[in-house]
Structure formats: C-alpha cells, structure tokens
Amino acid sequence: MLTQRSWHPESLLWLGCILMVTLGMGGGLAGLAEAGSVEQMAVNVAVMPLSIFVSIVAWMFISAKFYDKPIRFKDTFGLNRGKLTTCLAVGLAGGIVIVLVAPILSILTSVIIQAFGETPQGQKLVTVISEQSQSEGGILFLIFFVVMAVVVAPIGEEILFRGILYPSIKQNGYPKVAAIGTAVLFGLFHVNLLTFLSLTFVGLALIFIYEKTDNLLAPILAHALFNGVNVLLILVTTKYFPEPAMIQ
C-alpha cells in the first residue's frame, strides 16, 4: 500500500500550470515542422516526457521555496522503499501479465469496431517505427523512437500518472476515483480507440503494481517491458502484421 505523500496540495496547481505551458510551447515547436513529417512526429513524441521532467524540477523548486516542503525525489516516488529485488520481481511479473492480457483486449476492441462497420486504426507511433525500420536512411530516427518508447516514455508517464495524479486524488479520500479515473485518463491520453480499453487495463495494472511495492520503479519496469515487447513485435513482424502493437 502506498504511504502518505508529503507534498503541499496547492503546489500541484503550479505543477499543472507549468506542465500546460511547457506542453503548449512544445506543440508550437512541433507546428514549425512539416505537417505529417517524421520530424514533426519526433517532436511530438519528445514533448510530453520532456514537459513532465521540466515541470517536476520546477515543482520541486517551488515546493521548497514557497511551501517549506522540500520534495525529495526518492521519497516522493518511493524509490528508497522496499527491497530492490522485490520491486524488480513484481514489476517483471506484472509486466508479463500485462503483455499477455492487453493484446486480448485490443483484439476484442478491434472486433467491436469492425462490427460497427469501421476500420480499426493503429497508433501513429507504431506506423512510424514500422516505416523507419524499412527505410534505408531511417536508422537514427528508428533508434530515437525506440529509446523514447521503451525508456523515456515509461519513466515520464509513470511519474505523471502513477507517481503524482493517482496518489494526489487518493489522498483526498477518493481511492476508487483515483484508480479508475487515472486509468481511463491514461487510456484517453494515447488518443487511439483501438487501444483505449487495453491501455485502461494497463493503467489499472500499473496502479496495482505501485500499490503492492510503494516504489515507482516497479510500474516503470512493467511499463518498459510492455512497450519493449511491442517494439520487438513491430520490428520482427512488420511485414506480416502492419498494426501489431500498442506502444504507449
């Protein structure tokens, strides 16, 4: 079970405002690139995690300066709680369960979408990685997208969704709203109907893992494993399955 987080509730407003500003600036930067280009996609992929990291640094400074509540990274995200081997084991086991269950939900969603006469559309990042893996000059972009998907995105998204949003709502007396609400928000965040149900499940599973360990390393590992398996599937089977994965 998660321990009480000691940040000042009002400081979260600053965090939200800074995040919105940095996201807006990133969106403006992406608008300078050619519409639909791989360069624009690269900027879009980088904007969210970079905005989260910048916002966290600013939040820690503001909390210490104006609220007399210094935020220690290890304490805030439980990085010093529990045995490292236990956290890694739970994260690995949870990641395997997610890898096995999430595709089933995605297939179910695909069947439902097709039943309504629509064609399921995969995530844009999946398409880009597939294209770059087949492009002679796309190796640098391919490496960039793979690193973002497998390393940077899991860290940034876990800090935001499980590390901050979930405990903030839960500590105000709404544990069910915190779990379901942030999981649904996580699914919506990826803006893809095909993967919404599966990624909502992923969000709930990552919350469960975080609750079990009280250490954000565990859900980060599970998240990275899930994304890594999907990237591997894209690279290996892209010729046979144009939309095989659900990178988040």
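Bear in mind these aren't lab numbers, they're just calculated from the coordinates by the rules spelled out. Values in this document were obtained by computation on a predicted structure and should not be read as measured data. With ideal geometry, Cβ positions are generated from the backbone for all residues, glycine too; neighbour counts draw on all protein chains shown.
Just a few scattered comments:
- Excluding exposed DSSP-loop chymotrypsin sites (Phe, Trp or Tyr not before Pro) (at most 13 other C-beta within 10 Å), longest clean stretch of the chain: 117-239
- To the nearest ten degrees, helix 193-213 and the longest principal axis of the Cα atoms of the chain are 40 degrees apart.
- Size-normalised alpha-carbon gyration radius of the range 117-248, reference 2.2 N^0.38 Å: 1.12
- Semi-axes of the equivalent ellipsoid of the range 1-94 are 31, 22, 8 Å, computed as sqrt(5λ) over the eigenvalues of the C-alpha gyration tensor in descending order.
- Relative packing of peptides 88-96, 36-44 - highest average C-beta neighbours within 10 Å first: 88-96, 36-44
- Loop-located trypsin sites (Lys or Arg not before Pro) in the range 32-92 whose Cβ has at most 10 other Cβ within 10 Å (DSSP): LYS83
- Checked against a 28 Å cut-off, the cross-linked pairs LYS124/LYS212; LYS69/LYS212; LYS65/LYS212; LYS124/LYS170; LYS74/LYS176 give Cα-Cα distances beyond that limit for LYS124/LYS212; LYS65/LYS212; LYS124/LYS170.
- For the chain, the mean residue ellipticity at 222 nm estimated from helices alone is -23000 deg cm²/dmol, where every DSSP H run of n ≥ 4 contributes -39500 (n - 2.57) and the total is divided by all residues, rounded to the nearest 500.
- Each label was represented as a point 7 Å from its Cα along the Cα-to-Cβ direction; for VAL191 and ILE113 these points are 1.5 nm apart.
- R0 of 30 Å, Cβ-Cβ distance GLN121-LEU100: FRET efficiency to nearest 0.05: 0.80
- Projecting label points 7 angstrom from Cα along Cα→Cβ for ALA33 and GLN134 puts them 2.1 nm apart.
- Inter-probe distance in nm under a simple model that places probes 7 Å from Cα toward Cβ, at LYS176 and THR237: 3.7 nm
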